[in-house]
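These notes are about the structure you will find just below.
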Amino acid sequence: TKPVYAFEEADSKQRMLLGGKGAGLSEMTRLKLPVPPGFTITTEVCNKYYENNRKLPKDVMPSVMKNIEKIEKKTGKKWNSTKNPLLVSVRSGAAISMPGMMDTILNLGLNEKTVEGLATQTQNPRFAWDSYRRFIQLFGKVVFGVNDEKFDHVLESAKTKQKVKDDSQLNVESLKKIVSEYKKICEKHTKRKFPDSPNEQLGLAIEAVFKSWMGERAIVYREKNNITKDIANGTAVNVVTMVFGNMGDDSATGVVFTRNGHNGKKEIEGEYLINAQGEDVVAGVRTGKNVALLKKEMPKSHKELSDACSKLEKHFREPQDIEFTIEQGKFYLLQTRTAKMSAGALVKTSVDMVKEKLIDKNKALTRIPAQQLEALLHRTMDESKLKNYKQLAKGIAASPGAASGIAVFDVKKAIELGEAGKKVILIRKETKPEDVPAFFSSEGVLTSLGGKSSHAAIVSRGMGKPCIVGCAELKIDYDKNTCTANGKTVKEGEVISINGSVGTVFIGEVPTVEPKVTKDFEQILDWAQKTKVLGIRANADTPEAAKLARKFGGQGIGLCRTERMFNANDRIGLFVDMIMAENAEKRAIVLKKLGQLQKSDFKQILKAMEGYEVTIRLLDPPLHEFLPNPEELSEKIQKLKAKKATKEIKKAEVVLKRARELAEVNPMMGHRGVRVGVTYPEIYEMQIRAVFEALVDLTKQKVKAHPQIMIPQISSIAELNHIKKIYDKIKKEVETKNKMKLKINFGTMIEVVRAALTANELATTAEFFSFGTNDLTQGTFSFSREDVEGKFLPEYMEKELLERSPFQSIDVNGVGSLIKIGIDHGRGIRKNMEVGICGEHGGDPDSIKFCHGAKLSYVSASPHRIPIAIVAAAQAAI
Ligand code: PEP
Ligand code: MG
């Protein structure tokens with residue numbers, strides 16, 4: 001392929017080659033929309049640049065210069081001309097949009113001579129010199145790596161000297177001085193003369209964009225967003241004729257979404273600034289005007305904008321995020337890309353666009369990243385409690401959801417504290433791309449400047465983090481680490497709450513409530529339910545969780561962890577009594593009580609899931625998990641000894657003895673699961689009886705209950721058969737006593753590697769399988785699921801030994817192979833055997849895709865992830 005494509009030559013389908021921006025500009029050019037002439041240097045050149053030891057391949061610059069000539073012909077402007085100079089912008093653009101992640105240079109082509117040309121041509125020397133100083137600043141920063149603050153400093157003192165407040169009030173004299181100072185700054189930094197030749201400027205700028213691809217900001221962004229080489233390999237460079245939004249009051253620049261990116265309403269949403277350049281809007285330095293006002297201020301341009309919006313939406317069949325500039329009344333489009341919207345907006349626009357016949361239902365489902373739906377399922381502020389909290393300020397709602405955390409004003413500190421597990425709200429005047437790592441470690445973001453299209457807003461929305469921008473009444477003091485509004489001051493470390501759905505900031509931790517599912521969301525879920533093949537069940541251990549799961553569309557329970565039922569405050573004591581019982585008789589008395597509690601829980605859960613299967617897993621954790629830690633207990637005993645509390649000491653010593661007896665070096669591979677069932681059969685007997693008795697009661701009440709009993713940690717058919725005998729015995733007892741036949745499926749978890757490998761044997765007894773992918777992953781990797789995330793895993797990912805944590809997303813090659821073996825074995829014995837997964841992976845979209853492909857019967861996920869799982873399952877089926 002060629003190294004350079006003029007916009008009119010390119011095929012926008014070559015996104016990988018041209019990057020998103022290049023593809024968009026080419027497509028708009030082909031649609032005959034007003035795009036300033038320009039060209040794209042391909043991503044292939046970027047890769048060659050790196051292969052070539054960071055040097056541009058030889059054929060690139062000649063090709064670039066040919067294309068500059070083409071622009072000259074189209075515009076009538078001349079490169080390096082003192083009369084009618086051609087100026088260009090140089091912008092990066094990878095296949096996947098990485099907003100603000102890479103660098104842009106504007107006004108390139110200016111030097112001491114061409115600036116005069118621009119001044120005469122526009123009859124506006126102030127404008128020309130202002131453009132020149134902006135160019136040197138950007139060029140110095142991007143190409144030479146000069147710290148922005150040095151330039152800001154010069155600008156500030158020039159304003160003070162001339163006694164003006166605003167940049168736009170600086171006169172030509174001041175601007176000329178600034179230019180000379182700026183150049184000196186660059187020259188001091190680089191120890192070379194500032195490049196005057198536009199050719200040299202262009203070459204350096206192109207290289208700088210390629211370099212930015214491997215800049216730290218870009219690398220972090222790609223890592224965090226899972227942007228791998230197969231979806232974006234290098235950046236392209238776009239060279240575009242400059243058009244100026246800062247040529248006076250008949251000029252403007254703006255950023256709009258073709259539909260509201262926050263709530264999805266069909267209305268052009270965004271901001272513009274009169275007499276400004278694009279970066280001013282994006283950086284949020286000046287807060288823009290609502291685009292609705294443009295209709296009054298520049299009706300002709302507004303009409304052109306709205307026509308372009310509908311043309312682009314019809315063409316791309318996706319809401320677009322558009323940059324435009326009006327130069328002395330003439331309207332130009334500078335960029336279009338798929339709008340990054342909040343989850344709510346994605347849902348609404350999906351439903352609306354189906355109604356408008358822009359897209360079909362499959363497209364409506366696949367365009368929503370399932371993971372992002374999480375934001376809709378987030379908690380919101382409890383309105384009824386709000387009156388107890390002081391509202392500190394109100395800003396612009398930029399990304400929905402509620403969050404609380406300690407106020408932190410420093411980016412580095414936010415990262416440190418966030419990574420140390422503190423909940424942080426990052427508070428800044430504005431944010432820059434280099435601040436993005438702090439977004440990941442914060443619960444939410446609050447800025448005093450900027451609008452809905454500002455950096456903070458876009459990044460937060462993409463991450464699904466609550467965000468408020470443009471909170472102008474909030475005065476932030478970076479020196480004192482405080483912010484003040486309405487007479488109230490918040491210091492660093494104090495807890496605040498933000499509501500990104502409405503823009504309000506509160507002092508203290510405001511309680512939150514469960515989210516509501518909107519009509520549009522219900523519609524999406526309904527389409528997804530009808531499209532998906534996989535069943536979606538819930539991991540739920542309480543009646544409340546079962547109800548929530550059902551409300552969210554869960555069809556059954558894939559895992560009810562019975563031990564969780566003992567964790568409740570009033571029960572743990574009873575369970576400990578059971579463990580401590582001196583003999584079988586005493587144990588039997590306690591077990592009876594526990595059995596009654598379990599039976600009542602089972603009844604409620606089964607009722608909540610009436611009509612659907614509920615898989616009840618017998619006790620799994622080792623018994624010592626229910627006893628105090630021996631070390632802590634012996635410390636306590638020492639303290640008791642000091643107090644001479646003889647009776648308590650005696651009691652504690654008995655517990656300590658038992659805790660020490662039960663302690664294990666490696667509990668995860670220890671006396672747990674079925675091993676407890678084998679050694680304390682009375683516990684499993686009690687649980688099995690409780691399930692059968694619950695079924696008896698419900699059957700009598702004509703409730704359609706479908707319990708299934710599942711055994712954890714099985715590694716051999718011998719173990720399974722051993723428990724099956726107990727199951728058969730209890731079944732018979734209960735049936736005889738109640739004079740009714742009872743059907744409860746008996747199955748096993750497959751979470752021990754040996755179980756997967758001998759699943760053909762297990763299937764002779766097990767009526768169903770459920771893969772416990774948490775333990776199966778642990779066993780397959782020999783990674784401790786409890787420790788790994790905080791220990792070596794981050795370094796493994798950094799060193800690219802692992803792409804993602806295998807505990808989050810199924811390791812397809814390893815664990816996935818075991819699952820496939822298990823399914824084949826199982827279904828080889830029982831043809832249509834029910835096989836599901838119930839590890840944490842059940843709520844992960846990529847794992848769900850794998851499960852669909854592996855023909856599992858269902859996935860089981862925590863109630864809050866059910867809608868995500870439903871949509872992901874539908875997407876896997878499309
Ligand atoms: C599993 O191991 O995947 C599982 C679901 O069981 P638990 O997480 O309770 O060990
Ligand atoms: Mg397990």
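Bear in mind these aren't lab numbers, they're just calculated from the coordinates by the rules spelled out. Owing to the predicted nature of the structure, the values given are computational and were not obtained by experimental measurement. FYI the Cβ positions are ideal-geometry reconstructions off the backbone, even for glycines, and counts take in every protein chain you see.
Please work out the C-alpha center-to-center distance from region 473-540 to region 359-416 and express it in whole Å.
Centre-to-centre distance over Cα atoms comes out at 3 Å.
For region 365-419, report the convex hull volume of the alpha-carbon atoms normalised per residue, in Å³, without decimals. Walk me through the numbers on the way to the answer.
Values: hull volume 8.6 nm³, N = 55.
It is 157 Å³ per residue.
Rule-of-thumb check for region 271-428: C-alpha Rg over 2.2 N^0.38 Å? Please report the intermediate quantities before stating the final value.
On the way: Rg = 19.8 Å, N = 158, 2.2 N^0.38 = 15.1 Å.
Compared with the compact-globule rule of thumb, region 271-428 sits at 1.31.
Count charges around Val815 for me, please; just the other residues with Cβ under 11 Å from its Cβ, Lys/Arg as +1, Asp/Glu as -1.
Numbers: positive: Lys820; negative: Glu751, Asp775, Asp811.
Result for the local shell: -2.
Please compute the volume of the convex hull spanned by the alpha-carbon atoms of region 742-848 and report it per residue in Å³.
On the way: hull volume 11.2 nm³, N = 107.
Hull volume over Cα atoms, normalised by residue count, gives 105 Å³.
Can you tell me the length gained on complete extension of the stretch Ser157 to Ile821, counting 0.36 nm per residue apart and subtracting the Cα distance? Walk me through the intermediate numbers first.
Working: separation 664, 0.36 × 664 = 239.04 nm, distance 7.22 nm.
Here the answer is 231.8 nm.
Just the number, please: Stokes-Einstein D of region 470-512 in µm²/s, Kirkwood Rh from C-alpha pairs, 25 °C, 0.890 mPa s. Don't skip to the end; give the middle numbers.
Values: Rh = 11.2 Å.
The Stokes-Einstein estimate is 220 µm²/s.
Over region 512-589, what lengths in whole Å, largest first, do the semi-axes of the equivalent ellipsoid take, defined as the square roots of 5 times the eigenvalues of the alpha-carbon gyration tensor?
Details: eigenvalues 315, 45, 8 Å².
Each semi-axis is √(5λ); the values are 40, 15, 6 Å.
Toward the positive end of the charge dipole of the chain, about the Cα centre and with charges on Cβ (Lys, Arg +1; Asp, Glu -1), which of Ser212, Leu333, Asn199 goes farthest?
Value: Leu333.
So which lysines can Lys13 reach, going by Cα to Cα under 21 Å and dropping same-chain residues fewer than 8 places off?
By straight Cα distance, Lys13 reaches Lys2, Lys21, Lys32, Lys229, Lys311, Lys314, Lys340, Lys363.
Is there a quick way to get the dipole size of the chain? I mean about its Cα centre, with the Cβ of Lys and Arg at +1 and of Asp and Glu at -1; what is the value in debye to the nearest 20? It would help to have the intermediate numbers written out before the result.
Details: 138 positive and 110 negative charges, 265 e Å.
The calculation lands at about 1280 debye.
Just check region 3-92 against the gyration tensor rule for me: Cα atoms, a ≥ b ≥ c as the square roots of the eigenvalues, rounded for a/c under 1.5, and otherwise prolate or oblate depending on whether a/b exceeds b/c. Intermediate values should be presented prior to the final figure.
Details: a/c = 2.43, a/b = 1.18, b/c = 2.05.
Note, shape of region 3-92 comes out oblate.
Under a straight-distance cross-link criterion of Cα-Cα below 23 Å, which lysines are reachable from Lys191, leaving out those fewer than 8 residues away in the same chain?
Straight-distance partners of Lys191: Lys55, Lys113, Lys141, Lys150, Lys176, Lys177, Lys183, Lys211.
All other residues with a Cβ under 14 Å from the Cβ of Asp11 taken together, and with Lys, Arg as +1 and Asp, Glu as -1, what is their net charge? Don't skip to the answer; put the middle values down first.
On the way: positive: Lys2, Lys13, Arg15, Arg30; negative: Glu8, Glu9, Glu27.
Summing Lys and Arg as +1 and Asp and Glu as -1 gives +1.
Determine how many Å³ per residue the convex hull of the Cα atoms of region 4-241 encloses. Don't skip to the answer; put the middle values down first.
Details: hull volume 31.7 nm³, N = 238.
Spelled out: Cα convex hull of region 4-241, divided by residues, is 133 Å³.
Stokes-Einstein D for region 797-878 at 25 °C, 0.890 mPa s, Kirkwood Rh over Cα pairs, in µm²/s?
Working: Rh = 13.3 Å.
The calculation lands on 184 µm²/s.
Starting from the Cα of Met668, step 7 Å toward the Cβ, then list every residue of region 753-781 with an amide N under 19 Å from that point.
Counting backbone N atoms under 19 Å from the label point, the list is 753-756, 771-781.
Give me the tail of P(r) for region 379-513 as a percent: Cα-Cα pairs with distance above 24 Å.
Values: 1449 of 9045 pairs.
Of the Cα pairs, 16 percent sit more than 24 Å apart.
When you take every Cα atom in region 165-286, what is the radius of gyration, and what is Dmax, the widest Cα pair distance, in Å?
Answer for region 165-286, Rg first and Dmax second: 19.1, 54 Å.
What are the ³J(HN,Hα) values, in whole Hz, obtained from phi via the Karplus relation 6.51 cos²θ - 1.76 cosθ + 1.60 with θ = phi - 60°, for each residue of region 599-613 in sequence order, with x given for Gly and Pro?
4, 5, 4, 4, 4, 5, 5, 4, 5, 4, 9, 3, x, 10, 6
With a 10 Å radius around each residue's Cβ, average the other Cβ atoms per peptide and rank 372-379, 593-600, 400-407, 737-744, highest first. Walk me through the numbers before you get to the answer.
Numbers: 372-379: 20.6, 593-600: 17.6, 400-407: 23.8, 737-744: 12.4.
Result, highest mean first: 400-407, 372-379, 593-600, 737-744.
Between the alpha-carbon centers of region 813-844 and region 1-18, tell me the distance in whole angstrom.
Result: 45 Å between the Cα centres.
Over region 4-241, what is the percentage of antiparallel beta bridges among all DSSP beta bridges, to the nearest 5?
Values: 17 of 18 bridges.
Close to 95 percent.
Within 12 Å, Cβ to Cβ, of Asn67, how many net charges do the neighbouring residues add up to if Lys/Arg are +1 and Asp/Glu are -1? Write out the running numbers ahead of the final one.
Values: positive: Lys2, Lys66, Lys70, Lys73, Lys74; negative: Glu8, Glu9, Glu69, Glu72.
Net of charged neighbours comes to +1.
From the backbone phi of region 699-711, what are the Karplus-calculated ³J(HN,Hα) couplings (6.51 cos²θ - 1.76 cosθ + 1.60, θ = phi - 60°) in whole Hz, Gly and Pro given as x?
4, 4, 7, 6, 8, 7, 9, 10, x, 10, 10, 10, 9
Could you calculate the FRET efficiency of Lys491 with Glu297 from 1/(1 + (r/R0)^6), where r is the beta carbon distance between them and R0 is 41 Å, rounded to 0.05?
Numbers: r = 42 Å, r/R0 = 1.03.
Efficiency for this residue pair is about 0.45.
Calculate for the chain the 222 nm mean residue ellipticity that helices alone would give, adding -39,500 (n - 2.57) per DSSP H run of length 4 or more and normalising by residue count, nearest 500 deg cm²/dmol.
Working: 33 runs with 396 residues, N = 878.
After summing the helix terms and dividing by the residues of the chain, the value is -14000 deg cm²/dmol.
Please work out the Kirkwood hydrodynamic radius for the chain, using every pair of different C-alpha atoms, and report it in angstroms with one decimal place.
Values: mean 1/r = 0.0323 Å⁻¹.
Answer for the chain: a Kirkwood hydrodynamic radius of 30.9 Å.
Cα centroids of region 151-173 and region 104-124: how far apart, whole angstrom?
Going from one Cα centre to the other spans 20 Å.
With every atom except the alpha carbons ignored, what do you get for Rg and Dmax of region 243-341, in angstroms?
12.3, 35
Looking at Thr482, Val502, Ala158, which one has the Cα that reaches farthest to the positive end of the dipole of the chain (charges on Cβ: Lys, Arg +1; Asp, Glu -1)?
Farthest towards the positive end: Val502.
Convert each backbone phi in region 843-849 into a coupling constant with the Karplus relation 6.51 cos²θ - 1.76 cosθ + 1.60 (shift: θ = phi - 60°), then list the ³J(HN,Hα) values in order as whole Hz, x for Gly and Pro.
x, 9, x, 5, 5, 5, 4
Could you sort 28-38, 760-770, 47-57 so that the peptide with the highest average Cβ count within 10 Å comes first and the rest follow in order?
Values: 28-38: 19.5, 760-770: 21.5, 47-57: 14.0.
Ranked by mean Cβ neighbours within 10 Å, highest first: 760-770, 28-38, 47-57.
For region 42-154, take N as its residue count and report Rg(C-alpha) divided by 2.2 N^0.38 Å.
Working: Rg = 16.1 Å, N = 113, 2.2 N^0.38 = 13.3 Å.
Expressed relative to 2.2 N^0.38 Å, the Cα Rg reads 1.22.
So for the chain: antiparallel DSSP bridges make up what percent, rounded to the nearest 5? All intermediate terms of the calculation are to be shown ahead of the outcome.
Details: 63 of 100 bridges.
Here the antiparallel bridges make up roughly 65 percent for the chain.
Where Rh denotes the Kirkwood radius from the mean inverse Cα pair distance, what is Rg over Rh for region 295-365?
Rg divided by Rh gives 1.05.
If N is the number of residues in region 620-716, what value comes out of its Cα radius of gyration divided by 2.2 N^0.38 Å?
On the way: Rg = 19.3 Å, N = 97, 2.2 N^0.38 = 12.5 Å.
Against the empirical 2.2 N^0.38 Å value, I get 1.54 for region 620-716.
Say each of Asn721 and Lys551 gets a label point 7 Å from the Cα, pointing the same way as Cα to Cβ; how far apart are those two points in nm?
About 4.8 nm, to one decimal.
On C-alpha positions alone, give me the angle between the axis of helix 717-738 and the longest principal axis of the chain, in degrees, nearest 10.
Around 60 degrees separate the two axes.
Going by alpha carbons, how many degrees (0 to 90, nearest 10) lie between the helix axis of 815-829 and the longest principal axis of the chain?
Tilt of helix 815-829: around 40 degrees.
More than 17 Å apart: what percent of Cα pairs in region 821-860 qualify? Please list the in-between numbers first.
Numbers: 210 of 780 pairs.
I get 27 percent for the Cα pairs in region 821-860 exceeding 17 Å.
In degrees from 0 to 90, rounded to the nearest 10, what is the angle of the helix 519-531 Cα long axis to the longest principal axis of the chain?
For helix 519-531, the angle is close to 70 degrees.
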